[in-house]
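Note sheet for the following structure.
The values are calculated or read from the model by the stated rules, or taken from the named source; none is laboratory data. Here the structure is a predicted model, which means the values were calculated and not measured. Heads up, the Cβs are rebuilt from the backbone with ideal geometry, glycines too, and the neighbour counts pull from every protein chain shown. The area values use the complete protein model at the heavy-atom level, side chains included, leaving out ligands, DNA and RNA. Shrake-Rupley method; radii C 1.70, N 1.55, O 1.52, S 1.80 Å.
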Amino acid sequence: MLRINCPFCGERDHSEFTYGGDASIRYPALDAPAEVWHDAVFLRDNVRGLQRETWHHVSGCRQWLVVERDTLTHEIVSVTAAHPGVAAALEGEQ
Amino acid sequence: MTRYSAWSVFKNGLTGQRGWERAWRDPEPKAHYDVVIVGGGLHGLATAYYLAKNHGVRNVAVLEKGWLGGGNGGRNTTIVRSNYFMPGNRDFYEHSLTLWENLSHELNYNVMFSQRAHISLLHSPGARDAAARRYNTMRLTGSDGELWDLARLKREVPHLNYAPDARFPIIGAAVQPRAGTARHDAVAWGYARAADQLGVDILQNCEVTGVRRDGGRVTALETSRGEVRADKVGFAVAGNTSRLWQMADLGGLPIESHKLQAFVSEPLKPLLDQVVVFGVGGAHFYISQSDKGGMVFGGDIDWYKSYAQRGNLPIVQDTAEAATSILPCLGRVRLLRHWSGVMDMSMDGSPFICKTPLSNLYLNAGWNYGGFKASPGSGWYFADLIANDRPDDTIAHFTLNRFERGVIIDERGAGPDPKLHG
Ligand SMILES: Cc1cc2nc3c(=O)[nH]c(=O)nc-3n(C[C@H](O)[C@H](O)[C@H](O)COP(=O)(O)OP(=O)(O)OC[C@H]3O[C@@H](n4cnc5c(N)ncnc54)[C@H](O)[C@@H]3O)c2cc1C
Ligand SMILES: [Zn+2]
């Protein structure tokens, strides 16, 4: 069972969360060429190893988180708030 | 090679079972092949067989990093059906089902294909209307399909939970009588034996670790058993496609690797002689009974990306809940085993059987969790693509660039989110 250490709620079972997907994807500007959109929407590196991904703590604080996780071993290396401002504020608290 | 027959079973029964020969050779890799297929799952083995059988290409090797059928080929819940709706899917899976119907004879190997009917339970008038549309379309295009009302369903499958206060009360079923199950290991062994007989080298414990290129062509594969040169190369590696793709330095793919779990119970007396699927709104569950008596069942994928060939407990709980809500009589049955497999989940839920940016590299991938039924058809058309260097019309749309062209084949209507495609 994965346990995710939510920066707001503490360590919780992953069944409290929903999986968002690859957090490395950067959506391009609305008027970017179709090929650029195609790559962002459809193509994946599909990493076997450490990947950054988003999880939603839907049965907890309802925050979106960025989780750094090994897709082969399921080891979780870091968990931060997805919103950069919130993440920075939390960082400052410590 | 001995042909299997009632006579050979009888004779060996009388002579202490000592007369059987090994089913396929265990050769050393040759330095060069006309075609090398990477992946000794059902798709790779079927491709090698049809290359030799249909196209006379016999200098062929199948490279398998582990043992035959040790991947998803031997991990699935063995459901075979062709009740697809989208043009393109429908004709492909129907051709595959037709091949299944003669497969044991074709391969001289009993794959235990059992056409015991696939029953999708319906829980709402909307689901029944959608099923009527789908199953009528199947009938119009040469397949079989029936809609059963509740009275008929109760006669055929008496012990489902028909209570009006069930979580999803049942109102009827959509049924494909020609669908069923097969013994997955036997399919791998049958294809391997038949391909070997036609001269194909099946190389187990042979992992591809690198792809040598000369500009726009593949020249050789680096493997744990030395370098193997090839005129043409086909990838059929189920959940590991992205890794091979990156070895060939080809960048991203419309694929993510996810895992799916399956379960088998202790053996029971005959309880269910069909495949039953429960899955509209809120749950997803499929179950059948193996010839040994075990209840074989599964549900959803684990919802997050993974290359680990092991599952997680929340899905065990979900699946058990679905099992007991639909078949309460299973409540005290013990689980015997549970395992998982890594699959390519594609961006629209449909597969790829296509050419690639490299002129002599061909791709067979993206089977999501429905590729077992596809094995014969997939091998048939992938062999044809490799031999003739052009896709047959039946698979012409299973391309990588369908997303660019806006011609996705999204059977479920779930959008570009791999975890949502079944
Ligand atoms: C739990 C589960 C239940 C399923 N249930 C059903 C079902 O009921 N009906 C249905 O139609 N489908 C089902 N499927 C899907 C189906 O099993 C797969 O789509 C199908 O088996 C994939 O094709 P394959 O058999 O060729 O793959 P595999 O058997 O996985 O073959 C790929 C092979 O490639 C090998 N390989 C990988 N990398 C390398 C390398 N670098 N070098 C050499 N070899 C390599 C692997 O070892 C593996 O043996 C299910 C899948 C799972 C996991
Ligand atoms: Zn939280």
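The table below gives the values:
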quantity	calculated
Enumeration of residues in the range B:374-410 that are charged (D, E, K, R), in a loop (DSSP other than H, G, I, E, B) and in contact with a helix residue (DSSP H, G or I) (Cβ under 6 Å, 6 or more places away or on another chain)	B:392
Residues satisfying the stated conditions in the range B:140-150, i.e. open to solvent by 60 Å² or more (accessible area, probe 1.4 Å) and part of a helix (DSSP H, G or I)	B:140
The range B:378-391: number of residues that are away from ligand 1 (no atom under 11 Å from the Cβ) and under 10 Å from the mean Cα position of the chain (by Cα)	0
Residue match in the range B:159-170 (condition: closer than 30 Å to residue B:95 by Cα and in contact with a helix residue (DSSP H, G or I) (Cβ under 7 Å, 6 or more places away or on another chain))	no
The range A:1-45, subset open to solvent by less than 50 Å² (accessible area, probe 1.4 Å) and aromatic (Phe, Trp, Tyr), residue farthest from ligand 1 (Cβ to nearest atom)	A:17
Candidate set: the range B:215-259, residues that are under 20 Å from residue B:374 (Cα atoms) and hydrophobic (A, V, I, L, M, F, W, C); chosen: the one farthest from the other protein chains (Cβ to nearest Cβ)	B:236
Number of the exception - residue A:49 against (1) away from ligand 1 (no atom under 16 Å from the Cβ); (2) without any contact (Cβ under 8 Å) to a residue 60 or more places away in the chain	(1)
Hits in the range B:195-210 (condition: closer than 17 Å to residue B:235 by Cα, open to solvent by less than 40 Å² (accessible area, probe 1.4 Å) and touching a residue at least 60 places away in the same chain (Cβ under 8 Å))	B:200, B:201, B:202, B:203, B:206, B:208
Cβ pairs under 9 Å, 6+ apart, first in the range B:329-355 and in contact (Cβ under 8 Å) with a residue 24 or more places away in the chain and part of a helix (DSSP H, G or I), second away from ligand 1 (no atom under 12 Å from the Cβ) and open to solvent by less than 10 Å² (accessible area, probe 1.4 Å)	B:330/B:265; B:330/B:295; B:330/B:323
Members of the range B:142-194 that are more than 21 Å from residue B:110 (Cα to Cα), in contact (Cβ under 8 Å) with a residue 24 or more places away in the chain and of a type in the set (Gly, Ala, Ser)	B:142, B:143, B:145, B:166, B:172, B:173, B:174
Strands (runs of 3 or more DSSP E) fully within the range A:1-86 counting 1 or more residues that are within 11 Å of chain B (Cβ to nearest Cβ)	A:3-6, A:10-13, A:18-22, A:50-56, A:64-70
Candidates B:332, B:412, B:402, B:337 - the one that is under 27 Å from residue B:98 (Cβ atoms) and more than 14 Å from chain A (Cβ to nearest Cβ)	B:412
Selection status of residue B:342, closer than 30 Å to residue B:158 by Cβ and away from ligand 2 (no atom under 16 Å from the Cβ)	no
Any hit, the range A:60-67, residues being aliphatic (A, V, I, L, M) and more than 16 Å from ligand 2 (Cβ to nearest atom)	no
Among (1) at pLDDT 95 or above; (2) in contact with a Phe, Trp or Tyr (Cβ under 9 Å, 6 or more places away or on another chain); (3) of a type in the set (Ser, Thr, Tyr), the one test that residue B:242 misses	(2)
Inter-residue pairs, beta-carbon under 9 Å, first without any contact (Cβ under 8 Å) to a residue 12 or more places away in the chain and open to solvent by 50 Å² or more (accessible area, probe 1.4 Å) and in the range A:61-87, second away from ligand 1 (no atom under 16 Å from the Cβ) and assigned to a strand (DSSP E or B), 6+ apart	A:62/A:56; A:75/A:50; A:75/A:69
The lone exception for residue B:135 - which of (1) surrounded by fewer than 17 Cβ atoms within 10 Å (Cβ to Cβ); (2) at pLDDT 95 or above it fails	(1)
Residue B:86 in a loop (DSSP other than H, G, I, E, B), surrounded by 17 or more Cβ atoms within 10 Å (Cβ to Cβ) and either modelled with pLDDT of 95 or more or not hydrophobic (A, V, I, L, M, F, W, C) (or both)	no
Condition check for residue B:199: away from every other protein chain (no Cβ under 14 Å) and either out of contact with any strand residue (DSSP E or B) (no Cβ under 9 Å at 6 or more places or on another chain) or within 12 Å of ligand 1 (Cβ to nearest atom) (or both)	no
Residues located in the range B:299-327, provided they are hydroxyl-bearing (Ser, Thr, Tyr) and at the interface with chain A (Cβ under 10 Å from one of its Cβ atoms)	B:304, B:306, B:307
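Results for (1) among the basic types (Lys, Arg); (2) part of a helix (DSSP H, G or I); (3) at negative phi, shown as yes or no for each residue.
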| residue | (1), (2), (3) |
| --- | --- |
| B:40 | no, no, yes |
| B:54 | no, yes, yes |
| B:65 | yes, no, yes |
| B:76 | no, no, yes |
